[in-house]
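The values are calculated or read from the model by the stated rules, or taken from the named source; none is laboratory data. Every value quoted in this text rests on a predicted model; they were computed, and no experiment measured them. Cβ sites come from the backbone with ideal geometry, for glycine too, and all protein chains shown count toward neighbours. Please note that ligands, DNA and RNA were not included when accessible areas were found on the heavy atoms of the full protein model with its side chains. Shrake-Rupley method; radii C 1.70, N 1.55, O 1.52, S 1.80 Å.
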Amino acid sequence: MTRYKRRKISGMIKCCAAVILPVAAAMSVSGASQLKRVLSETRIMNTGRSPEKSVSVEKDDFEEIFGTSSDDADEAYISAADFLSQGYGISAETADTSDLLKLPSPLEMTSADPGAKPYPTEWSEGGSIIRTTYGEYSGVSFFDLPGGGQVNNKTTIPNENLINESSYLPNFTVEDTDAPLVLIYHTHTTESFEPYVRESYDASFNYRTTDDTKNMVMVGNAMQAELEAQGIGVIHVSEIHDYPSYNGSYDRSRASIVPILEEYPSIKVVLDIHRDAISGEGFAYQPYINIDGKEAAQIMIISGCDDGTLNMPNYMMNFHFACYLQQKLESDHPGFTRPILFDYRHYNQDLTTGSLLIEVGSHGNTLEQAQYSGQILGKSLGELLNSMKKG
């Protein structure tokens with residue numbers, strides 16, 4: 001019996017429990033909608049309703065408008081569209097996280113060298129922070145994955161084709177070895193977060209810092225700790241690629257990781273860990289979800305597609321892995337992820353068949369929310385890779 005079939009049978013058993021218990025206790029509306037999602041076949045969310053958006057500029061339009069590449073457009077994207085959910089919401093039980101490592105709070109950590117752009121120690125008030133939890137999306141570009149989660153298809157490839165592709169297992173095997181299996185790096189290393197939950201943000205802070213206890217290195221460290229706790233070998237590149245110069249970040253991060261991949265052919269998974277920037281004029285979103293009594297930043301996987309100009313012929317293999325990982329994350333913690341973004345992006349995803357970019361929260365999220373998400377992501381990924389080992 002394949003792992004996929006075993007997971008499917010396990011899912012059916014969980015579904016039966018989800019039916020019996022709510023019926024016995026007079027099923028709630030939220031329980032019914034969740035049950036409908038779990039039991040339904042993979043389908044295209046073709047309701048004709050799209051999530052509301054403010055007037056915005058898409059990332060791929062930045063090259064023409066601002067004269068910079070789409071890969072390096074994230075700095076400008078900080079003022080791009082907010083993306084509100086119009087879906088059903090998720091209210092399922094979550095997996096236990098009590099066995100996560102006890103890490104110090106990022107606010108308590110200090111860096112031996114905070115660098116040229118330290119994290120602020122004083123804050124002023126600016127625009128509003130809007131706390132929200134994204135649920136399921138409807139619209140012609142979205143479809144559900146059978147094991148949980150969704151895909152946002154921004155390409156011309158028909159949803160039906162991607163639904164079929166989403167059923168494939170990852171295109172790599174995992175050996176039971178002490179050699180590194182995962183490479184974590186950060187093209188936009190200095191991306192940072194809010195210090196704590198509050199009602200407004202500091203407009204004078206651009207949410208970037210060279211302090212590695214307060215930027216994406218901190219999130220990568222949390223992921224690495226959980227992966228290594230499960231016996232998964234990890235190489236974590238903490239080098240800053242986006243400061244002092246932002247343009248050319250992807251070229252510099254590529255130069256950092258290519259020699260590592262050449263030295264360690266055992267590496268199967270390459271993850272570029274970022275944070276998103278979901279905002280509008282005078283406000284920033286804080287997408288979070290409560291997992292086991294603690295707030296985590298919702299995450300989004302980005303899997304690039306090649307339109308024939310990006311020199312990424314194996315892009316669909318990355319998509320297979322993206323769907324496999326998404327379903328594992330949603331199975332562990334329903335609502336933890338936003339839909340996979342499948343779009344015409346490169347992001348150095350030509351280097352392996354397990355290369356993805358992951359947005360951990362947004363600049364409106366807090367340091368602790370992002371760190372917790374890094375732990376959850378690392379733990380689930382470690383479990384997934386261990387389940388793929390031959391034996």
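Summary table below
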{"item": "Selection count where residues are under 30 Å from residue 217 (Cβ atoms), open to solvent by less than 50 Å² (accessible area, probe 1.4 Å) and of a type in the set (Phe, Trp, Tyr), scope the range 116-149", "result": "2"}
{"item": "Among (1) in a loop (DSSP other than H, G, I, E, B); (2) surrounded by 24 or more Cβ atoms within 10 Å (Cβ to Cβ) - the single one residue 322 does not satisfy", "result": "(1)"}
{"item": "Residue 367 vs. criteria buried (at least 21 other Cβ atoms within 10 Å of the Cβ), at pLDDT 95 or above and under 13 Å from residue 216 (Cα atoms)", "result": "yes"}
{"item": "Subset of the range 298-311 [assigned to a loop (DSSP other than H, G, I, E, B) and among the hydroxyl-bearing types (Ser, Thr, Tyr)]", "result": "309"}
{"item": "Any chance residue 269 is of a type in the set (Val, Ile, Thr), within 20 Å of residue 299 (Cα to Cα) and open to solvent by 40 Å² or more (accessible area, probe 1.4 Å)", "result": "no"}
{"item": "Residues (under 23 Å from the mean Cα position of the chain (by Cα) and within 13 Å of residue 183 (Cα to Cα)) located in the range 240-259", "result": "253, 254, 256, 257, 258"}
{"item": "Matching strands (runs of 3 or more DSSP E) fully within the range 99-165 where at least 1 residues are over 19 Å from the mean Cα position of the chain (by Cα)", "result": "128-132"}
{"item": "Residue, nearest to residue 263 (Cα to Cα), within the range 150-176, restricted to residues that are of a type outside the set (A, V, I, L, M, F, W, C) and open to solvent by less than 40 Å² (accessible area, probe 1.4 Å)", "result": "170"}
{"item": "Output for the range 212-239, where each listed residue is open to solvent by 60 Å² or more (accessible area, probe 1.4 Å) and within 20 Å of residue 191 (Cα to Cα)", "result": "212, 221, 238, 239"}
{"item": "Residues located in the range 336-347, provided they are in a strand (DSSP E or B) and closer than 20 Å to residue 295 by Cβ", "result": "337"}
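Here is a yes/no grid of residues against (1) under 14 Å from residue 150 (Cβ atoms); (2) open to solvent by 20 Å² or more (accessible area, probe 1.4 Å); (3) not in a strand (DSSP E or B):
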{"position": "290", "(1), (2), (3)": "no, yes, no"}
{"position": "296", "(1), (2), (3)": "no, no, no"}
{"position": "313", "(1), (2), (3)": "no, yes, yes"}
{"position": "327", "(1), (2), (3)": "yes, no, yes"}
{"position": "334", "(1), (2), (3)": "yes, no, yes"}
{"position": "349", "(1), (2), (3)": "no, no, yes"}
{"position": "352", "(1), (2), (3)": "no, yes, yes"}
